[in-house]
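Reviewing the structure listed below.
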Amino acid sequence: MMGDAFDYATNVCGIPGDAFVKLFVASTACMRMENQEPAYILGRGGIELMVDVLRETTGNAPQVEPQVRLSRSEAYWIGWASAYYQWWSGRTYAEFFAANSFEDLSRMYAAQHEADISRFAEVADARVRARFPHTNLRRIRAAYGCSQAELASMSGVSLRSIQMYEQRRKDINKASAQTVYRLARTLGCTMESLIEH
């Protein structure tokens, strides 16, 4: 779906890749894709996604007739690979595209498009981590709007443990399921969201 949306936007409608990325990230379609909303994703194609993004962000539908394209372009790969990364990492598209511009991804295409997608995810993740060095726990806690002490009080996980997880002095991936569950439940996220890749 993402591959088709990027391919249609750039190769059929002539929208520059970085411009479409900005429109996509600003749209509610982006959030719905991140949340993997079945009611939104199922039965919808990439062209419909692209039309939704344009209508919402610009108020206009594309003036180009939808065309079935059987080839897999560079833009298709960029859309597909970014969707894979978002699923793999649990990070937002905004974070991904802030660290990996459309132009950066275009330069990666030659070396990465035939490689195993997990290799691309690792390369892209290194860029995201360099740009956003905080742990998933810290990021989600900050977005939730609570301090470490408040999270400790609400979750029943010790303040010291939370501090150590956020400083990477303790590995949250090795925490007990109960600890991760309590943190996730308190922050309103999935347990997987708190795990570091």
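The values are calculated or read from the model by the stated rules, or taken from the named source; none is laboratory data. All of these numbers come straight from a predicted model, not from anything done at the bench. Counting neighbours? That spans all protein chains shown, and the Cβs are built from the backbone with ideal geometry, glycine included. Only protein heavy atoms, including side chains, enter the accessible area calculation; ligands, DNA and RNA are left aside. Shrake-Rupley method; radii C 1.70, N 1.55, O 1.52, S 1.80 Å.
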(request) Report, by residue number, each residue of segment 173-186 that is of a type in the set (A, V, I, L, M) and open to solvent by less than 30 Å² (accessible area, probe 1.4 Å). (result) Ala175, Val180, Leu183, Ala184
(request) Find the residue count for segment 121-161, including only residues that are of a type in the set (Lys, Arg) and more than 24 Å from Ser82 (Cβ to Cβ). (result) 2
(request) Please work out which residue is most open to solvent (accessible area, probe 1.4 Å), limiting yourself to segment 23-44 and to residues that are of a type outside the set (Gly, Ala, Ser) and over 17 Å from Phe6 (Cβ atoms). (result) Leu42
(message) Please go through segment 19-44 and give me each residue that is outside any loop (DSSP other than H, G, I, E, B), more than 16 Å from the chain's Cα centre (by Cα) and either β-branched (Val, Ile, Thr) or farther than 23 Å from Thr190 by Cβ (or both), ordered by number.
(response) Ala19
(request) Could you please find all residues in segment 160-172 being open to solvent by 70 Å² or more (accessible area, probe 1.4 Å) and assigned to a helix (DSSP H, G or I)? (result) Arg160
(request) Would you mention how many residues in segment 1-22 are open to solvent by 70 Å² or more (accessible area, probe 1.4 Å) and modelled with pLDDT of 95 or more? (result) 2
(request) Could you please find all residues in segment 62-107 being small (Gly, Ala, Ser), in contact (Cβ under 8 Å) with a residue 60 or more places away in the chain and at negative phi? (result) Ser73, Ala75, Gly79, Ser82, Ala83, Ser89, Ala94, Ser101, Ser106
